[in-house]
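Structure first, commentary second.
The values are calculated or read from the model by the stated rules, or taken from the named source; none is laboratory data. Being a predicted model, the structure only gives us computed values, none of them experimental. Note that each Cβ is placed from the backbone with ideal geometry, even for glycine, and that neighbours are counted across all protein chains shown.
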Amino acid sequence: MTTTTAPVPTPSPPRALRRARRRSTALGLLAWVAGLLFCLPALWMLLTSLHAESDAATNPPSLFAPLTLDGYRAFFGADTGVTPWPPLLNSLGASFFSTLLVLLLALPAAYALSIRRVRKWTDVMFFFLSTKMLPVVAGLLPVYLFARNTGMLDNIWLLVLLYTSMNLPIAVWMMQSFLADVPVSVIEAAQVDGARLPTVLARVVAPMAAPGIAATALICFIFSWNELLFARVLTGVVAQTAPVFLTGFVTSQGLFLAQLCAASVVVSLPVLAAGYAAQDKLVQGLSLGAVK
Amino acid sequence: MTTTVSASPQSPPERLAPARPKTGPRAWATRAPLLPALVFLIAVTQLPFVATLVISLFDWNSLNPDKRSFNGLGNYASVFTDAALRESVVTTVLLTASVVLATVVLGLGLALLLDRTFFGRGLVRTLLITPFLIVPVSAALLWKHALYNPEYGLFNGVLSWIGDLFGDTSPSRPDWIAEMPLLAVVAALVWQWTPFMMLILLAGLQSRPAEVVEAARLDGASAWQTFRYLTLPHLRRYLELGILLGAVYIVQNFDAVFTITAGGLGTANLPYTIYQTFYQAHEYGLASAAGVVVVIGTIIIATFALRVVSSLFNEEANRA
């Protein structure tokens, strides 16, 4: 800021510019290399899932072996008749219904924390957040005992309740920040017209905050779909979820690598789809709404 | 440097009339929408914890239910004297600290690379968040079997290729998990969690006021000086947030330890040990006491985390 624009004395700026441009290209390349390197294990998983078992487990790796869907056929039980559909559907059910319940509870709560605020609303926000910090293992045993005594073991509805409590703080924080952007005049207009709160939420607030609500739903879905510890302890045969089903591969031996990779790809697909869809809002959800 | 006067023309957004009586029907009408969520959360998360606290004071093995008796703080004494449990405390600290440290360093590097315009930036970002979007059990299985396996894993496959290049026909084939079990778990977790750190730090970088950086550049500041004296101070709270949230999530990690080593070879962290104490050894009282210890440890981290979140939160609220 000290030097005012003076006539440029030497032809060095073009050279400096060229150097800056070359540096910028190099950094862009470096970013690409880093991105590919980070993605490599995932790409390797995809490639292996498309190889025959005999090509999947070789050293050195057979990069260019013919592609086949045998791994996927094996995963879906072509040889053994063991179908992964029940666990996949259990995961889908538990994730879907818990996400629905989260939204039904979080939307009115976010309204009371963002639009018509309760007193000490920040304290309430931090109470929600603090429950998220409570380690899952701390409540596991009582939940297990409760489930055993009430016959709720091996029941996906128990998982629905637990996943709802697991995701509710995140959802409340995210929705609070999204609802803060809804113009109050619109809500006031609806209330002047005599609309009651459920109507206001469903007809006015929800449509205006729709992108944010969708992102919240996707993030809650991901966390529920991924959960292992509760599902492992609280479900058995009937309500087994996809991650629990996957743990069957932990000690498998023999030729199973292609099938394992196919299983991992299939189970991860919903998360990948949800994550890519919510990409822009992902960080807001992961940081509990602290980062926008 | 601390106060940036934002010349935002917007006035703070009007919230609905804050008529907030402490009691009476009006107050309850305001609170009503909040209650279902609050009651649900207290019932499902706080009550079990109270039960854990109570159980932790009993000597209770479910294989021997007749001998259930009040044990005072005896279980806590066991937690701190039991060699396996004490070791898992050390493992938890080691695991959490190394994963958080590595992900922050890598995440910062990647965030700096992505905080520039270049060809295909969106695509690279998508590539980089992919590890985070693999189901944790899948990711752990992938590392255990497809990458670490001494016979046909990708790592030893690459070693073979490199060996070939130098005419080495019988390259060494290390058994990664057996030789460096904790590092094996750490590496898999670092792969999964680096995108998380990168996203938070990238958000921090992009909230950095552009005109200040531009001014520094015009004043002749070098790239390093800009980073050291402008970017890093600005990022400080985002770094704190990433470190603390990452620590809260990774302290609780169960999937990777369970899948990659099944808690063997000195990799059992507290969540895994507690799971084992209660699920396999049926020592309910002892498992509960260990659970309470984890909670106390988490509360210490969480107190700092909440403070950072609240300072970011207030800043956002003031900016609005």
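Step by step: first the residues of the stretch A:224-251, then only those that are assigned to a loop (DSSP other than H, G, I, E, B) and at the interface with another protein chain (Cβ under 7 Å from one of its Cβ atoms), then the one that is surrounded by the fewest Cβ atoms within 10 Å (Cβ to Cβ). Which residue is that? Quick ask: steps written out before the conclusion?
Taking the stretch A:224-251 as the starting set, the residues that turn out to be assigned to a loop (DSSP other than H, G, I, E, B) are A:227-228, A:235-241, A:250-251.
Adding the requirement that they be at the interface with another protein chain (Cβ under 7 Å from one of its Cβ atoms) leaves A:228, A:250.
Details: A:Leu228: 22, A:Val250: 16.
Of everything passing the filter in the stretch A:224-251, A:Val250 is surrounded by the fewest Cβ atoms within 10 Å (Cβ to Cβ).
I want to confirm something. Restricting to the stretch A:85-104 and keeping residues that are farther than 18 Å from A:Val271 by Cβ and touching a residue at least 12 places away in the same chain (Cβ under 8 Å), which single residue is surrounded by the fewest Cβ atoms within 10 Å (Cβ to Cβ)?
Filtering the stretch A:85-104 for residues that are farther than 18 Å from A:Val271 by Cβ and touching a residue at least 12 places away in the same chain (Cβ under 8 Å), the one surrounded by the fewest Cβ atoms within 10 Å (Cβ to Cβ) comes out as A:Pro86.
This table checks each residue for (1) more than 8 Å from chain B (Cβ to nearest Cβ); (2) on the phi < 0 side of the Ramachandran plot; (3) not aliphatic (A, V, I, L, M).
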{"site": "A:Leu159", "(1), (2), (3)": "yes, yes, no"}
{"site": "A:Leu162", "(1), (2), (3)": "no, yes, no"}
{"site": "A:Asn167", "(1), (2), (3)": "yes, yes, yes"}
{"site": "A:Trp173", "(1), (2), (3)": "yes, yes, yes"}
{"site": "A:Ala190", "(1), (2), (3)": "yes, yes, no"}
{"site": "A:Asp193", "(1), (2), (3)": "yes, yes, yes"}
{"site": "A:Pro198", "(1), (2), (3)": "yes, yes, yes"}
{"site": "A:Arg203", "(1), (2), (3)": "yes, yes, yes"}
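Residue check: is A:Ala138 at negative phi, facing chain B (nearest Cβ under 7 Å) and surrounded by 23 or more Cβ atoms within 10 Å (Cβ to Cβ)?
Numbers: at negative phi: yes; facing chain B (nearest Cβ under 7 Å): yes; surrounded by 23 or more Cβ atoms within 10 Å (Cβ to Cβ): yes.
Yes; evaluated as a whole, the condition is true for this residue.
Scan the stretch B:119-140 and give yes if some residue there is part of a loop (DSSP other than H, G, I, E, B), within 10 Å of chain A (Cβ to nearest Cβ) and at pLDDT below 85, otherwise no. Before the answer, list the steps.
Going through the stretch B:119-140, the residues part of a loop (DSSP other than H, G, I, E, B) turn out to be B:119-120, B:134-135.
Subsequent filtering for residues that are within 10 Å of chain A (Cβ to nearest Cβ) retains B:119-120, B:134-135.
Remaining after also requiring at pLDDT below 85: none.
Within the stretch B:119-140, not a single residue is part of a loop (DSSP other than H, G, I, E, B), within 10 Å of chain A (Cβ to nearest Cβ) and at pLDDT below 85.
So B:Leu201 clears everything in (1) out of contact with any Leu (no Cβ under 6 Å at 6 or more places or on another chain); (2) facing chain A (nearest Cβ under 10 Å); (3) touching a residue at least 40 places away in the same chain (Cβ under 8 Å) except one condition, right? Which one?
All conditions are met except number (1).
Say whether the condition of being within 11 Å of chain B (Cβ to nearest Cβ), basic (Lys, Arg) and either closer than 30 Å to B:Asn269 by Cα or surrounded by fewer than 17 Cβ atoms within 10 Å (Cβ to Cβ) (or both) is met by at least one residue in the stretch A:105-117.
Within the stretch A:105-117, the first condition is being within 11 Å of chain B (Cβ to nearest Cβ), and the residues that meet it are A:105-117.
After this cut, where a residue has to be basic (Lys, Arg) as well, the list is A:116-117.
Then drop every residue that is not either closer than 30 Å to B:Asn269 by Cα or surrounded by fewer than 17 Cβ atoms within 10 Å (Cβ to Cβ) (or both), which leaves none.
So far as the stretch A:105-117 goes, no, none of its residues is within 11 Å of chain B (Cβ to nearest Cβ), basic (Lys, Arg) and either closer than 30 Å to B:Asn269 by Cα or surrounded by fewer than 17 Cβ atoms within 10 Å (Cβ to Cβ) (or both).
So, restricting to helices (runs of 4 or more DSSP H) that lie completely within the stretch B:214-320, which ones have at least 1 residues that are small (Gly, Ala, Ser) and either touching a residue at least 60 places away in the same chain (Cβ under 8 Å) or crowded, with 18+ Cβ neighbours inside 10 Å (or both)? Steps first, answer last, please.
On the way: elements: B:223-226, B:232-251, B:270-279, B:284-319.
Fully inside the stretch B:214-320 and qualifying: B:232-251, B:284-319.
Of the residues that sit in the stretch A:257-278 and are more than 7 Å from every other protein chain (Cβ to nearest Cβ) and either modelled with pLDDT under 90 or under 30 Å from A:Gln176 (Cβ atoms) (or both), which one is nearest to the chain's Cα centre (by Cα)? Give the steps one after another, and end with the answer.
Restricting attention to the stretch A:257-278, the residues satisfying the condition of being more than 7 Å from every other protein chain (Cβ to nearest Cβ) are A:258-259, A:262-263, A:265-266, A:269-270, A:273-274, A:277-278.
Checking which are either modelled with pLDDT under 90 or under 30 Å from A:Gln176 (Cβ atoms) (or both) leaves us with A:258-259, A:270, A:273-274, A:277-278.
On the way: A:Ala258: 25, A:Gln259: 24, A:Pro270: 9, A:Ala273: 9, A:Ala274: 7, A:Ala277: 10, A:Ala278: 8 Å.
Across the stretch A:257-278, the extreme among qualifying residues is A:Ala274.
Taking the stretch A:42-89, which residues are more than 14 Å from every other protein chain (Cβ to nearest Cβ) and under 14 Å from A:Cys261 (Cα atoms)?
Step one: list which residues in the stretch A:42-89 are more than 14 Å from every other protein chain (Cβ to nearest Cβ), which gives A:66-70, A:72-74, A:76-83, A:85-86, A:89.
If the condition is that a residue be more than 14 Å from every other protein chain (Cβ to nearest Cβ) and under 14 Å from A:Cys261 (Cα atoms), then A:Leu67, A:Thr68, A:Leu69, A:Asp70, A:Tyr72, A:Arg73, A:Ala74, A:Phe76 are the ones that fit.
Restricting attention to the stretch B:21-59, which residues are small (Gly, Ala, Ser) and surrounded by fewer than 15 Cβ atoms within 10 Å (Cβ to Cβ)? Please lay out each step first, then the result.
Filtering the stretch B:21-59 down to residues small (Gly, Ala, Ser) leaves B:24, B:27, B:29, B:32, B:37, B:43, B:51, B:56.
The answer is B:Gly24, B:Ala29, B:Ala32, B:Ala43.
For A:Gly254, are the conditions met, namely being surrounded by fewer than 20 Cβ atoms within 10 Å (Cβ to Cβ), outside any helix (DSSP H, G or I) and either at the interface with chain B (Cβ under 8 Å from one of its Cβ atoms) or at pLDDT below 85 (or both)?
Working: surrounded by fewer than 20 Cβ atoms within 10 Å (Cβ to Cβ): yes; outside any helix (DSSP H, G or I): yes; either at the interface with chain B (Cβ under 8 Å from one of its Cβ atoms) or at pLDDT below 85 (or both): yes.
Answer is yes for this residue.
Among the residues of the stretch B:60-100 satisfying the criterion of being of a type outside the set (Ser, Thr, Tyr) and modelled with pLDDT of 85 or more, which is surrounded by the fewest Cβ atoms within 10 Å (Cβ to Cβ)?
That would be B:Val90.
Being more than 10 Å from chain A (Cβ to nearest Cβ) and surrounded by 24 or more Cβ atoms within 10 Å (Cβ to Cβ) is the filter; apply it to the stretch B:182-191 and report the residue that is nearest to the chain's Cα centre (by Cα).
B:Leu189
Select from the stretch B:101-114 the residues that are under 14 Å from the mean Cα position of the chain (by Cα), surrounded by fewer than 23 Cβ atoms within 10 Å (Cβ to Cβ) and touching a residue at least 12 places away in the same chain (Cβ under 8 Å) and list them in ascending order.
Filtering the stretch B:101-114 for residues under 14 Å from the mean Cα position of the chain (by Cα) gives B:101-104, B:107.
From the residues that got through so far, the ones that are surrounded by fewer than 23 Cβ atoms within 10 Å (Cβ to Cβ) too are B:101-102, B:104.
The answer is B:Ala102, B:Val104.
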